[in-house]
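Have a look at the structure below, then the notes.
The values are calculated or read from the model by the stated rules, or taken from the named source; none is laboratory data. Note that the coordinates shown come from a computational prediction; the quantities given were computed from them, not determined experimentally. Note that we place each Cβ from the backbone using ideal geometry, even for glycine, and neighbour counts take in every protein chain shown.
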Amino acid sequence: MNVTRRAFNLGAILAAGTVILPGAVRAADEKTIAIMFDSLQSPFWVTGFDVLKEKAKAAGYQPLESISNLDDNKQFEQVQSMIQKKVSGIIIVQTDSKAVIPAIREANKAGIPMVHFNRPPAESDAKSSAVQADNRAIMKSTVQALVDKARKAGGKYKAAILIGDLGDQNAIQRRDGFFDVVDQNKDIIEVVARISTEWNPDKAFADLTNALQANPDINFLVTSSDFLLPQIQQALKIAGKWKKTGEEGHVLFAGFDGDEGQYAALKDGYMDVGGVQNLFYEADLAIGAIEKMNKGEEVPKLLLDPGFVITQETLDQDRDKMWGYAVWKKANG
Amino acid sequence: MQTSSTRASLAVLRSAPALLFVAVVVLFAILAPRFLEVQNFANILTQSANVAIVAVGMTFVLLLAGVDLSVGAAMYVCAAVAGLYFKDLPAPAAMALMTAIGALFGAINALFIVGLGIAAFIVTLATLFVGRGLALHLSQTKMVFAGDPVLAFGQGGFLGISYAVWTMAIVLLLALWVQQWTPYGRYLYAIGADREGARKAGIPVRRVVFATYVLCGTLAGLGGFVSFSQVAAASSGFGLQKEFPVIAAAVLGGTSLFGGRGGVLGSVFGAILIQTVQNGLVLLNANPYLYPLVISAIIFIAVLLDSQRTRILARLTRRQIRIEPGVEARRSTAT
């Protein structure tokens, strides 16, 4: 069969059109949101990633995901790639609050809204919004609930706090929330150990073991993050203090985050109070902020999640609001 | 000739790490009443075990004038593999597995360093990133939990001494034997002091360097096992920047970064000193902002004393040329 040049060109154009057009039409119809995390290093981030993807889908967006493995340069390239894909918005968890600013500027230039999830950026003229748990307020309510239990039980308490990385604002706010309350209750609580964990489980375990050795009468313990629970359990076990509420030698214990470890520790009676970041609400805030910015509405620089406090007594009624319970349920059936 | 004051200052500088340790112990004993308790020293030894074990391997590498920046990454890879795929292994099998993975990691380093002649700093920096990337990929950046047998190792002991301390002691004794009484130990010092001279003297330099990096990886795997058994879980921060306390322990113990000088006993001692300071600060309920300042100040003092010692030793060992009185007179007559 002889094919003329004109027929060949026409055929090629038709074939290309057949392949490209449906994709182009689909791309025009399909709204996408970039969900860009720096790592999934604790259950909080793993669940946050999943919840954001589900919420984005529920709002009619196709989520495009990326993980930078704590590499700011890589994340900047990933942001550029998402901008190329003309996403409707970017939800980002950056490693460094300053290093993310060039990425915000790139998004601003492209007119793509950016929301920081749980870690606000450093001050700059670049325009974006951040969703964050009200760490200080949640920690205050959590420690207050633990103090109430201490007062109810009576007696004097020797307290220890596991502080996070001193360069991390979340950690500092949680520490300040702790001291806001204990400083008002010095008549029954004496802080005998301020353990700087640097968010390092190795260090948390060693220093808590040392603190328990130096102060065997520690009976009031607060951790700034639930992700240290395996190490806390180990250290308390070695000290013979991993006891349930009501058992001899039980340590009044509060967690922070609301992960599945916190749920299990509350359910089993080892933990008394937990501060919970309302991850579902934070995800709604993030998607809502993207939609508002796309409509040209003003969105505050910082959107706060007030979180909530959960105790052994309120566990059954409030656990459905707790993201860690969803994770626990999935794992345990 | 050495003057008595030079001899005295040299003696002080020679025992500087030990004097520093005594000063730290006395200071904390005065300030924190519970510091001197036997159980507290047991805690210090147990907690310093993982760094000390890795520091032994690092010392051998440093003696060669090399460096291994990938030890922390090797620890993480070992823990991730053991926790993800071999969680129910008995503790000795898990220990063997993790040391084997560490050895493999070390062999990869050695292959590039010896086989391709690439600088150790570059190779191990690359394997640091590759190792962490691999472990993050395997674990999907999620926390990996140790199995019950491994946890039992972390909590258990024999004759009232934790298994971690026993492991550290066995490693130290074996390493001391290797360092002091085997040809391999002597080769390390010879190669570190003068690589070309060692090669000309018939020392199998390439083989020794290869074996040393494998040994360093092996001990990183073993240190990873000890750490994993203690902290119960490995998150993405496991082993992160572990190379710094490990190298600091070796330097604190008197091992030179330029090779040919030092030893494993000092490195284990250095690891214990760092942990003692950390422990004392916790016992004092010190302001957390002070921790890095105090620890870095002690490392700085140790390194400063070490450099002074090196300077004085160099001055004392410099060849003294003494001209006999008669020689000068004969020279002038001849001319």
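General observations
- Which numbered condition residue B:165 fails, given (1) among the aliphatic types (A, V, I, L, M); (2) farther than 23 Å from residue B:104 by Cβ; (3) out of contact with any strand residue (DSSP E or B) (no Cβ under 8 Å at 6 or more places or on another chain); (4) assigned to a helix (DSSP H, G or I): (3)
- For the range A:156-170, the set of residues classified as over 17 Å from the mean Cα position of the chain (by Cα) and of a type in the set (A, V, I, L, M) consists of A:159, A:160, A:161, A:162, A:166, listed by residue number.
- Among residues of the range A:76-99, those that are more than 14 Å from chain B (Cβ to nearest Cβ) and either closer than 17 Å to residue A:120 by Cα or among the polar types (S, T, N, Q) (or both), counted: 16
- Any hit, the range A:134-156, residues being of a type in the set (D, E, K, R), over 22 Å from residue A:285 (Cβ atoms), surrounded by fewer than 23 Cβ atoms within 10 Å (Cβ to Cβ) and not assigned by TED's automatic domain parsing to the domain that holds residue A:326: no
- Just one of the listed residues (B:274, B:301, B:312) is in contact (Cβ under 8 Å) with a residue 40 or more places away in the chain, within 12 Å of another protein chain (Cβ to nearest Cβ) and β-branched (Val, Ile, Thr), and it is B:274.
- Listed by position, the strands (runs of 3 or more DSSP E) inside the range A:116-232 whose residues that are more than 9 Å from chain B (Cβ to nearest Cβ) and closer than 30 Å to residue B:48 by Cβ number at least 1 are A:157-163, A:189-196, A:218-223.
- Counted residues, the range A:209-241 - those being among the β-branched types (Val, Ile, Thr) and more than 20 Å from residue A:170 (Cβ to Cβ): 3
- Listing of helices (runs of 4 or more DSSP H) fully contained in the range B:1-115 that carry 1 or more residues being hydroxyl-bearing (Ser, Thr, Tyr): B:4-14, B:38-63, B:71-85, B:91-110
- Residue count for the range B:131-147, restricted to those that are more than 12 Å from chain A (Cβ to nearest Cβ) and either under 14 Å from residue B:85 (Cα atoms) or surrounded by fewer than 20 Cβ atoms within 10 Å (Cβ to Cβ) (or both): 2
- Of the set (1) touching a Leu at 6+ places or on another chain (Cβ under 7 Å); (2) buried (at least 21 other Cβ atoms within 10 Å of the Cβ); (3) small (Gly, Ala, Ser), all apply to residue B:248 but (1).
- Criterion applied to B:55, B:49, B:65 was being under 13 Å from the mean Cα position of the chain (by Cα), of a type outside the set (Val, Ile, Thr) and within 24 Å of residue B:184 (Cα to Cα), and the one residue passing it is B:55.
- Meets criteria (out of contact with any helix residue (DSSP H, G or I) (no Cβ under 7 Å at 6 or more places or on another chain), under 22 Å from residue B:92 (Cβ atoms) and among the aromatic types (Phe, Trp, Tyr)) for residue B:166: yes
- Of the candidates A:173, A:132, the single residue that is touching a residue at least 60 places away in the same chain (Cβ under 8 Å) and closer than 30 Å to residue A:107 by Cα is A:132.
- Meets criteria (closer than 26 Å to residue A:115 by Cα, touching a residue at least 12 places away in the same chain (Cβ under 8 Å) and acidic (Asp, Glu)) for residue A:284: yes
- Filter result (in contact (Cβ under 8 Å) with a residue 24 or more places away in the chain and either away from chain A (no Cβ under 14 Å) or closer than 17 Å to residue B:294 by Cα (or both)) within the range B:19-38: B:20, B:21, B:24, B:25, B:27, B:28, B:31, B:32
- If you go through the range B:109-138 and keep only what is within 23 Å of residue B:258 (Cα to Cα) and either among the hydroxyl-bearing types (Ser, Thr, Tyr) or out of contact with any helix residue (DSSP H, G or I) (no Cβ under 6 Å at 6 or more places or on another chain) (or both), you end up with B:111, B:115, B:116, B:117, B:119, B:121, B:122, B:124, B:125, B:126, B:127.
- Residues within the range B:1-36 that are exposed (fewer than 14 other Cβ atoms within 10 Å of the Cβ) and closer than 25 Å to residue B:227 by Cα, tallied: 1
- Residue match in the range A:126-147 (condition: among the small types (Gly, Ala, Ser), in contact with a Ser or Thr (Cβ under 8 Å, 6 or more places away or on another chain) and under 17 Å from residue A:306 (Cα atoms)): yes
- Given (1) in a helix (DSSP H, G or I); (2) modelled with pLDDT of 90 or more; (3) surrounded by fewer than 21 Cβ atoms within 10 Å (Cβ to Cβ), number of the condition residue A:75 does not satisfy: (3)
- Selection status of residue B:293, among the hydrophobic types (A, V, I, L, M, F, W, C) and more than 12 Å from every other protein chain (Cβ to nearest Cβ): no
- Subset of the range B:262-280 that is part of a helix (DSSP H, G or I) and among the small types (Gly, Ala, Ser) - its residue that is nearest to residue A:204 (Cα to Cα): B:280
- Taking the numbered list (1) closer than 30 Å to residue A:238 by Cβ; (2) more than 12 Å from chain A (Cβ to nearest Cβ); (3) in contact (Cβ under 8 Å) with a residue 60 or more places away in the chain in turn, residue B:152 passes all entries but (2).
- Breaking point among (1) within 13 Å of chain A (Cβ to nearest Cβ); (2) at positive phi; (3) surrounded by fewer than 21 Cβ atoms within 10 Å (Cβ to Cβ), for residue B:202: (1)
Residues are listed down the side, and each one gets a yes or a no for (1) assigned by TED's automatic domain parsing to the domain that holds residue A:144; (2) surrounded by 14 or more Cβ atoms within 10 Å (Cβ to Cβ):
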| site | (1), (2) |
| --- | --- |
| A:283 | no, yes |
| A:289 | no, yes |
| A:296 | no, no |
| A:319 | yes, yes |
| A:325 | yes, yes |
